[in-house]
Amino acid sequence: MLNFLKMLITPEFFFSIIRISAPILFATLAAIVVEKAGFANIGLEGLMMFSALAGSLVSYYTKTWYFGLLAALATGVMMSLIMGFFAFKLKTDIILVGVAINMMGSGGTLFLCKVITNLTQGKAMASTTGLITKSLCIPDITIPFINKIPFLGSVISGHNLLTYLAFLFCLLTSIMLYKTPLGLNIRAVGENPNAASSVGVSVLRIKYTAMAFSGLMSGFGGAFMSMAYAQGWSLDMVSGRGFIALAAQAMGGGECFGGMLSAIVFGFAQALGIKFSAIGLDSNLASPIPYAVTIIGLVIFAIVRNSKIRKQHSAAVLAKSEAK
Amino acid sequence: MTKRRQIRFTIIRSLVAICIALLVATLLIFISAGGDSFQEKLQATGEALKQMLIGPLFRMSKKKGTSFELKRLADILAAMIPTIFTGLSVCIMFSANQFNLGAEGGIMLGAFASAMAAIYLPLPAGLHPVVAVLIGGTAVAIVMLLPALLKTKLNVSEMVCSLMLNYIIMYVIKFLMNTYLADKSRGQIMSFPFRETANIPPIVNNTVFSGAKLTWGFVIAIFAVILCGLFMYRSRWGYAIRMIGINQDFAKYSGMKVGSVIVLSQILGGFLAGAGGGIEMLGRYTNFSWSALPGYGWTGITIAILAGNNPYMVPFAAFFMAYLSKGCDLMATYAKVPAQLIDIIQGVIFLFFAAEQFLSGYRQRLVVKSAEEEIAARAKLQKEG
């Protein structure tokens, strides 16, 4: 046990927690913003799959990683706007739109991958891992001076560009939500769309904007998966991160900072799972850990929330009876 | 709107949705079809489409021409068995407005539990498959208690919870298979063979269908459809489930036990998914070797949407999906278009079926027309009276 703990308290372990948290954090931010606008986007999983595929393919064809990243972002935004069209214009239940996107994101991406590689490479490939080399991935960044600090340096420095962006975006999203007119509008639409529209806010436009933002974040998440976390796209590589993000959103109380902490908790669970399999446990026993932690986390969050509501309620009743 | 117009609108709307999906499919096939010139590509597209649309029932060969084939029909009917069960399962859960997406993990767990009962329980033939399938269903019903109770007691999202459960179920089953239950003498990971007594027998002798395996599971599935239909439309509980789905606050206000009905709907849904998994496992296989989620749960969601959460429509929707899926498989074999096209077609159909406002202009015109006719009829009556 002590040996195992010693194995955990290493810079590599903390480094891997941050690395694993990044894509979950991107998706969590996506979930937070749409939730603030009053609906749930459960299609994050599918959006990330499509973005991951587009990113890796374009990166390969243009031989430049930033075009790949741009393609991933564009794919995420475009798909999310299509989702918005179905949800807001054709009045499809937003949850069902998400289910449909996830369905397509699983088998449909494999279809596209096979067709596109067949057209360009001459043979159908079931993944793009053979096409993407290290130089086509999004680069890692070594922070000067900080990387010289013992322990902390090797935890914080040397991450992928997108990992830093994820945490930066966490801050920016929080500022966007609470310090800008757009954020105010998003929250107003989520709280009470009728009131928002009565003061001249275009509810529909705000909803589309929130949707596009979630697409953008999923695009980052997808690009991270296929161009940083792994080299190249493969089937079902997002493996539930889009769903975990929904849980992280709920657990974080719908706030950016809380969401970030939840994402890190899930990153920790996953990193722990990897360590478990490293010491010889069956990986199938370690793999469900993050999913189980998600359920436990949701339960704890719900209990805390309910007791808070109860306390507020009893305080209100007390105040009322005292006033009499 | 008159009932006849309502039905006509529903049919036209469904057809348009399917046509759009097929159009998208045609476009994708055209892009992926082989051939150097436009003409050749067009021809290849036509061939592929023919395989997809009529291939599931008819064998096409250059020498003998097109001929109906009973085996392929039996294949489609057999493929419907698990998806009818997941479709029913999703129907009941979605009717109560519970977006429980656990049918996917449910069917795998049901198949696994039934398989274990089929291997390790010594029981006489006839009774054995019944007990095994019941065990499969019960196992999933118990697991579905988790999202249901968390939802009613703590208001935890049943959707996220059930999605997480899918992954947990898959990994735990894989772990159990790898470590304890696998038959180590085999090259790949699979369980010991089922006892002979646990087999679900085919309806008719195999030679009639030239090898296709259509078991009594199909009859049970149809029976389940009727039971679910009666339950949803002719029982107090079914009424409560539908009422809660329409307006939960109203149901609560009128004295329904909302919490227990929500739990009931998910237990039933879980039981159906599990039983479906068990029947599929015992009917089609001789040992358990699934190493990933089979995808029937997601198809079940599509089927429930196509059926409009009406259990009686589930077999038709299931037939449609099985037909398309078979068509895509054939297309992949004969025309070199990847079979995963089915996922895109499924998604597009799904989106348009679920879209409430799709063709709403047309519906509006029908409503106006009906109203005008009614007013005219009333005016006529008044004149005469």
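The values are calculated or read from the model by the stated rules, or taken from the named source; none is laboratory data. Note that the coordinates shown come from a computational prediction; the quantities given were computed from them, not determined experimentally. Cβ: placed from backbone, ideal geometry, glycine included. Neighbour counts: every protein chain shown.
Side notes on the structure shown:
- Inside the range A:141-169, residues that are outside any loop (DSSP other than H, G, I, E, B) and of a type in the set (Phe, Trp, Tyr) make up a count of 3.
- In the range A:210-268, of all residues being surrounded by fewer than 21 Cβ atoms within 10 Å (Cβ to Cβ), assigned to a loop (DSSP other than H, G, I, E, B) and not hydrophobic (A, V, I, L, M, F, W, C), the one that is nearest to the chain's Cα centre (by Cα) corresponds to A:Gly240.
- Filtered residues of the range B:2-36 (kept if closer than 16 Å to B:Asp343 by Cα, surrounded by 13 or more Cβ atoms within 10 Å (Cβ to Cβ) and of a type outside the set (Gly, Ala, Ser)): B:Ile18, B:Ile20, B:Leu22, B:Val24, B:Thr26, B:Leu28, B:Ile29
- Failed item, numbered, when B:Ala141 is tested on (1) within 28 Å of A:Gly273 (Cα to Cα); (2) more than 11 Å from chain A (Cβ to nearest Cβ); (3) surrounded by fewer than 24 Cβ atoms within 10 Å (Cβ to Cβ): (1)
- Residues of the range B:331-385 satisfying the condition of being out of contact with any Asp or Glu (no Cβ under 8 Å at 6 or more places or on another chain), assigned to a helix (DSSP H, G or I) and of a type in the set (Phe, Trp, Tyr): B:Phe350, B:Phe352, B:Phe353, B:Tyr362
- Selection count where residues are of a type in the set (Val, Ile, Thr) and away from chain B (no Cβ under 14 Å), scope the range A:95-145: 8
- For B:Glu196, the stated conditions do not hold, so it cannot be described as more than 10 Å from chain A (Cβ to nearest Cβ), among the acidic types (Asp, Glu) and closer than 30 Å to A:Ala292 by Cβ.
- Contacts under 8 angstrom Cβ, first residue in the range A:19-35 being closer than 11 Å to A:Ala210 by Cβ, partner of a type in the set (Val, Ile, Thr), 6 or more apart: A:Ile32/A:Thr173; A:Val33/A:Thr173; A:Val33/A:Ile186
- Restricting the range B:299-332 to residues that are of a type in the set (Ser, Thr, Tyr) and within 11 Å of the chain's Cα centre (by Cα), the residue that is nearest to the other protein chains (Cβ to nearest Cβ): B:Thr302
- Per the conditions (1) of a type outside the set (S, T, N, Q); (2) outside any helix (DSSP H, G or I); (3) free of Cβ contacts under 8 Å to residues at least 24 places away in the same chain, the sole criterion not satisfied by A:Ile132 is (3).
- In summary, A:Ala223 fulfils each of the numbered conditions (1) over 25 Å from B:Val156 (Cα atoms); (2) at pLDDT below 90; (3) in contact with a Leu (Cβ under 6 Å, 6 or more places away or on another chain) with the single exception of condition (2).
- Answer from A:Gly273, A:Gly280 - the residue that is part of a loop (DSSP other than H, G, I, E, B) and under 29 Å from B:Tyr167 (Cβ atoms): A:Gly280
- Hits in the range A:33-62 - residues which are crowded, with 24+ Cβ neighbours inside 10 Å and outside any helix (DSSP H, G or I): A:Ala37, A:Asn41, A:Ile42, A:Gly43
- Single residue of the range B:333-356 satisfying the filter (among the polar types (S, T, N, Q) and more than 16 Å from the chain's Cα centre (by Cα)) that is surrounded by the most Cβ atoms within 10 Å (Cβ to Cβ): B:Gln340
- Members of the range B:221-242 that are part of a helix (DSSP H, G or I) and among the hydroxyl-bearing types (Ser, Thr, Tyr): B:Tyr233, B:Tyr239
- Matching residues, the range B:73-113, being among the β-branched types (Val, Ile, Thr) and surrounded by fewer than 24 Cβ atoms within 10 Å (Cβ to Cβ): B:Ile76
- Residue check for B:Phe94: under 30 Å from B:Gln364 (Cβ atoms), part of a loop (DSSP other than H, G, I, E, B) and not basic (Lys, Arg): no
- Picking from residues in the range A:298-315 that are more than 10 Å from chain B (Cβ to nearest Cβ) and not β-branched (Val, Ile, Thr), the one that is nearest to B:Thr179 (Cα to Cα) is A:Ser307.
- A single member of A:Leu25, A:Leu53, A:Leu44, A:Leu96 is farther than 14 Å from A:Val238 by Cα and not β-branched (Val, Ile, Thr), and it is A:Leu96.
- Residue among B:Ile31, B:Ile76, B:Ile20 that alone is aliphatic (A, V, I, L, M), away from chain A (no Cβ under 14 Å) and out of contact with any Leu (no Cβ under 7 Å at 6 or more places or on another chain): B:Ile76
- Tally, over the range A:106-130, of residues that are modelled with pLDDT of 85 or more and either out of contact with any Leu (no Cβ under 7 Å at 6 or more places or on another chain) or of a type in the set (Val, Ile, Thr) (or both): 8
- Near pairs, Cβ below 8 angstrom, 6+ apart or cross-chain, from the range B:308-335 (farther than 15 Å from B:Ile18 by Cα) to any residue that is of a type in the set (Asp, Glu) and in a helix (DSSP H, G or I): B:Lys326/B:Asp75; B:Tyr334/B:Glu47; B:Ala335/B:Glu47
- A:Ile138 vs. criteria part of a loop (DSSP other than H, G, I, E, B) and in contact with a Ser or Thr (Cβ under 6 Å, 6 or more places away or on another chain): no
- Considering the range B:99-144, the residues that are of a type in the set (Phe, Trp, Tyr) and part of a helix (DSSP H, G or I) include one that is modelled with the highest pLDDT, namely B:Phe112.
- Some residue of the range A:277-286 being of a type in the set (A, V, I, L, M, F, W, C), closer than 30 Å to A:Lys6 by Cα and at the interface with another protein chain (Cβ under 9 Å from one of its Cβ atoms): yes
- For the range B:145-167, the candidate set comprises residues that are within 26 Å of A:Gly273 (Cβ to Cβ) and not in a helix (DSSP H, G or I); within that set, the residue that is nearest to the other protein chains (Cβ to nearest Cβ) is B:Val156.
- Given (1) in a helix (DSSP H, G or I); (2) within 11 Å of chain A (Cβ to nearest Cβ); (3) within 17 Å of the chain's Cα centre (by Cα), number of the condition B:Met170 does not satisfy: (3)
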